[in-house]
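Step one of this worksheet: look at the structure below.
The values are calculated or read from the model by the stated rules, or taken from the named source; none is laboratory data. Computed from a prediction, not measured in an experiment: that's the story for all the values here. Positions of Cβ are generated from backbone atoms using ideal geometry, with glycine treated the same way; all protein chains shown enter the neighbour counts.
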Amino acid sequence: MQTSRVIAASVMAAVLTAGAAACGGGTSTNKTTPKTLTYWASNQGANIEVDKATLTPELTKFEQQTGIKVKLEVVPWSDLLNRILAAATSGQGPDVLNIGNTWSASLQATGALLPFDAATFAKIGGKDRFVSAALASAGAAGKDPAAVPLYSLAYALYYNKAQFQAAGITAPPATWDELVADGKKLTTGGHFGLAMEGASISENIHQAFVFAKQHGADFFDAAGKPQFDSPQAVAAIQQYVDFMAKDKIAAPGDAEYSANQSVTDFATGKASMLLWQAAASNLKAHGMAADAYGVAPIPFQTASASGPTAVNSMVAGINLAVFKNTGNLDGALKFVKFMTSTGEQKILNIAYSSLPSVTDAQSDPAFSTPDLKTLSQVLATSAAPLPQVANESQFETLVGTAMKGLLADAAAGRPVTTATVKAALTKAQQQMPTS
């Protein structure tokens, strides 16, 4: 995904206690119109209208095959998690919904999502069809998955070939020191070397995770206890915020970006580099030709990075879940089977420039483009899953929001120091639920 994920800890606490009650009866709509399904899709394209144009023909195809009409709502990432949690609390939700794969364990803990046990997997064509790495981000270890993978994604560095050439840069940066040096060469006259999405909670947390891994930090210990403000985590967050605060290779206005504006700036030539997951379809929608940019793995701290610190992407992706209290379980599972079928996986992942989550679809030549080869390599060799713990979504919100505040400070010219970063992360940790 790409996404702002906002959740109050108190809301999740209420959901966790209300989860069992929330999974009672289906919505009134589903009871009265069993041939209709409600589907909440996440915003994967350049905007909501692009998603509607992409999905509507496929939903029509499903209706023609099954007689089941699908009522589509594309929900912005800034609203999606809160909408899901409210639905879990009230019991009034959609039948089928997209979730960010990093939320799987948190939403699983609410009890609101249908577990995909062996019998349920059999109804959608079997568990073995799915890419194992993607399925590993579908819920807590040792439990039946709370969802199935739909789109697989990874982060990469996108760079403007012409601007690199004009600045005398012959290759994409392989380390962060090289990226900063290149960024300074490219930052001139209102043009910036790097585009950032500083007000996006999800983009912040994804970058926090990668930088923390590279610094040898984990945000949770083996028992699931938060450790947000360790020296390594503080150094990781400060390094990222310093792209704006100290290195000044990102525009101060980027601190206010939360709706893919950084992608627009890169596509329109206002910035030369972009750290993003599967950006090709969005760049195309903004008029940027595929041969105008290059795609490389995200840099490491050192060119020879190895072992646990050799992480340059989260295991990104979108999962497809069924609300446990759906009034049309049979229809919902038919829809999941349809959306994860080999044919639909090809169509949808081609449209979104993402990678299929079922193995049979991956052999299509459409997934052999240079950018998707890079993303596939990253997923296979240097990506790691975010913590699959019940409080993961609170972690995303609290640390992502802390980073948003630090970037706002950087944009306003207020000092961002080791002390201020530690204070922000300590405050975030103190706000985490105790159980």
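Observations on the model:
- Whenever a residue of segment 104-130 is under 18 Å from Ala88 (Cα atoms), its partners that are of a type in the set (Phe, Trp, Tyr) and crowded, with 22+ Cβ neighbours inside 10 Å, lying with C-beta atoms within less than 8 angstrom and at least six residues away or across chains, give the pairs Ala112/Phe323; Leu113/Phe323; Leu114/Phe323.
- Lone qualifier among Ser341, Ser368 - being outside the structural domain of Met196 (by TED's automatic domain parsing), under 25 Å from Ala53 (Cα atoms), at pLDDT below 90 and of a type outside the set (Val, Ile, Thr): Ser368
- Qualifying residue in segment 265-274 (condition: surrounded by 24 or more Cβ atoms within 10 Å (Cβ to Cβ), touching a helix residue (DSSP H, G or I) at 6+ places or on another chain (Cβ under 6 Å) and of a type outside the set (A, V, I, L, M)): yes
- All conditions but one from (1) surrounded by fewer than 21 Cβ atoms within 10 Å (Cβ to Cβ); (2) within 24 Å of Met339 (Cα to Cα) apply to Gly168; the one that does not is (2).
- Residue list for segment 86-104, filter: surrounded by fewer than 24 Cβ atoms within 10 Å (Cβ to Cβ) and in a helix (DSSP H, G or I): Ala86, Ala87, Thr89, Ser90
- Helices (runs of 4 or more DSSP H) completely within segment 323-435 that count 3 or more residues being closer than 24 Å to Pro231 by Cα: 392-412, 418-430
- Test: residue in segment 338-352 that is without any contact (Cβ under 8 Å) to a residue 24 or more places away in the chain and either out of contact with any helix residue (DSSP H, G or I) (no Cβ under 6 Å at 6 or more places or on another chain) or within 22 Å of Ala199 (Cα to Cα) (or both): yes
- Restricted to strands (runs of 3 or more DSSP E) entirely inside segment 133-197, those with at least 2 residues that are over 23 Å from Ser376 (Cβ atoms) and of a type outside the set (Gly, Ala, Ser) are 192-195.
- Lone unmet requirement of (1) in a helix (DSSP H, G or I); (2) at positive phi for Ala235: (2)
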